[in-house]
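Undergrad: Here it is, the structure in full.
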Amino acid sequence: MTDTTSKSANAMWGGRFAAGPSAIMQAINASIGFDQRLYAQDIRGSRAHAAMLAAQGILSDSDAQAIGEGLLTVLSEIEAGGFDFRADLEDIHMNVENRLRELIGPAAGRLHTARSRNDQVAVDFRLWVRDQCDAAVEGLTELMRAFVAQAEAGADWVMPGFTHLQTAQPVTWGHHMMAYVEMFARDRSRFADARARMNECPLGAAALAGTSFPIDRHATAAALGFDRPTANSLDSVSDRDFALEFLSASSICAMHLSRFAEELVIWSSAQFRFVRLSDGFTTGSSIMPQKKNPDAAELIRAKIGRILGATVALFTIMKGLALTYSKDMQEDKEQVFDAADSLMLSLAAMTGMVTDMSANRAALAAAAGSGFSTATDLADWLVRELGLPFRDAHHVTGTLVKLAEDKGCDLPDLTLADMQAVHARITAEVFGVLGVENSVRSRTSYGGTAPDQVRAQIARWKELLA
């Protein structure tokens, strides 16, 4: 380490240390390689802090003005790509303050009055995560709109509904699309709830005990768009619940994205042909010219691993930390940064795929009637029209399914004589419930797959998303 580096590091730490850190210590200690992403939040927090100090008479108006203008210069330098981030200055806070000192001189040293890097990083990180919650809500809103558009286009298109990936009952394409609208709506509400809970400002908690300076924490909280200041200085600097909530919401959202990604992989295969994905979200093969691979869907399906891994990592970092701040908490940011990047990319890619994909109505309809999908309709008819107990109706229907299997046909292809041989009271009216179109139209309970119910949900969500 050079003398310049040693002196610079010592200047930041104060007079306690006679020598600078070793190269290994510097490498493990420095966070500027990743926390430089907090530059905008750091400068925003510092400007609010300086303005508050001046308003309280702790800082002169001239120093506050110089600090505010100098910080804007630093911001413009970073955004222009000309800022020299230095590892020997450890983190974004010291890099910004050092450059500010170069620009305005000793007045820069007064900026850190009545605060610590502990509350400084807490407010920076909270501001950044709050921004990510807003971005996630916006991204989910666009994705939900894409699903609603797909649902509206095929509100009455029949397709198979599955349990255990086996044909269960006919549903509509619109109903299936709207199921994901409901999932992503819950995700959106989770991010909004997390944002509301994290919207308290830790700035002013200082190192851990608060400060003896007559600061106005409500003023800095308001300046930074927070609802209020945090109420306990110990909790303020040691809390990372806001990041954990963001990661938890991201993990659930990524799981939902992965579920639909899996369906797209299956549906776009030659065996299903339910959907066709656009060229913009598929790739070819280097050796097989016929291939059109759903790579975007597969990569989204994999992102849950990174996001969930980040969630587990931060829980593990935090679980054993006594109050208040420990250096372990420096390891919080990379996990959150990576998860946020993965989530936003996945949301954008999924929105593009859903917007561009085209459903194969004929293939959906052909599959809707396979696998004896109207067997439940037959059992319901036996209960409703003949008064059979459901368990008896279930047995009769199972016998008829076995008969159809043996004859190599579907239920609607059985003759009335075939059916009456199993139960003599069956009439020709039974054929009215065996078609898949009739089946979906009959499911009129609230939240059911009947096209009228689906269109009602589409109208509701179009209004909510407007």
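Undergrad: Go through segment 60-93 and give me each residue that's at pLDDT below 95, over 32 Å from the mean Cα position of the chain (by Cα) and open to solvent by less than 30 Å² (accessible area, probe 1.4 Å).
TA: The answer is D88, L89.
Undergrad: Whether any residue in segment 212-223 is open to solvent by less than 50 Å² (accessible area, probe 1.4 Å), touching a helix residue (DSSP H, G or I) at 6+ places or on another chain (Cβ under 6 Å), at pLDDT 95 or above and in a loop (DSSP other than H, G, I, E, B) is what I want to check.
TA: Looking for residues that are open to solvent by less than 50 Å² (accessible area, probe 1.4 Å), touching a helix residue (DSSP H, G or I) at 6+ places or on another chain (Cβ under 6 Å), at pLDDT 95 or above and in a loop (DSSP other than H, G, I, E, B), one finds none in segment 212-223, hence no.
Undergrad: Got a number for residues in segment 323-373 being over 30 Å from F242 (Cα atoms) and not small (G, A, S)?
TA: Adding up the residues that qualify gives 9.
Undergrad: Need the failing condition index for A310 against (1) in a loop (DSSP other than H, G, I, E, B); (2) in contact (Cβ under 8 Å) with a residue 40 or more places away in the chain; (3) open to solvent by less than 70 Å² (accessible area, probe 1.4 Å), just the number.
TA: Against the list (1) in a loop (DSSP other than H, G, I, E, B); (2) in contact (Cβ under 8 Å) with a residue 40 or more places away in the chain; (3) open to solvent by less than 70 Å² (accessible area, probe 1.4 Å), A310 comes up short only on (1).
Undergrad: Tell me yes or no: at least one residue of segment 264-277 is open to solvent by 60 Å² or more (accessible area, probe 1.4 Å), on the phi < 0 side of the Ramachandran plot, in a helix (DSSP H, G or I) and not β-branched (V, I, T).
TA: Checked segment 264-277: no residue is open to solvent by 60 Å² or more (accessible area, probe 1.4 Å), on the phi < 0 side of the Ramachandran plot, in a helix (DSSP H, G or I) and not β-branched (V, I, T).
Undergrad: Restricting to segment 1-56, and then to whatever is of a type in the set (F, W, Y) and part of a helix (DSSP H, G or I), can you tell me which residue is modelled with the highest pLDDT?
TA: Selected residue: Y39.
Undergrad: Would you be able to tell me the number of residues in segment 136-176 that are within 15 Å of Q457 (Cβ to Cβ), in contact with a strand residue (DSSP E or B) (Cβ under 9 Å, 6 or more places away or on another chain) and outside any strand (DSSP E or B)?
TA: The qualifying residues number 9.
Undergrad: Okay, moving on. Within segment 199-210, identify whether any single residue is aliphatic (A, V, I, L, M), in contact (Cβ under 8 Å) with a residue 12 or more places away in the chain and closer than 28 Å to M344 by Cβ, and answer yes or no.
TA: Yes, some residue in segment 199-210 is aliphatic (A, V, I, L, M), in contact (Cβ under 8 Å) with a residue 12 or more places away in the chain and closer than 28 Å to M344 by Cβ.
Undergrad: Determine whether R130 is open to solvent by 20 Å² or more (accessible area, probe 1.4 Å) and either within 22 Å of G68 (Cα to Cα) or not hydroxyl-bearing (S, T, Y) (or both).
TA: no
Undergrad: Also: Across segment 355-398, what is the total count of residues that are part of a helix (DSSP H, G or I) and either of a type in the set (D, E, K, R) or touching a residue at least 60 places away in the same chain (Cβ under 8 Å) (or both)?
TA: 18
Undergrad: Within segment 224-235, can you find the residues that are out of contact with any Leu (no Cβ under 8 Å at 6 or more places or on another chain) and crowded, with 22+ Cβ neighbours inside 10 Å?
TA: Residues satisfying the conditions are F226, T230.
The values are calculated or read from the model by the stated rules, or taken from the named source; none is laboratory data. Treat the numbers as computed from the prediction; the structure is a model and nothing was measured. Please note: Cβ atoms are built from the backbone with ideal geometry, for glycine as well, and neighbour counts cover all protein chains shown. Just the protein is used for accessible areas: all its heavy atoms, side chains included, with ligands, DNA and RNA removed. Shrake-Rupley method; radii C 1.70, N 1.55, O 1.52, S 1.80 Å.
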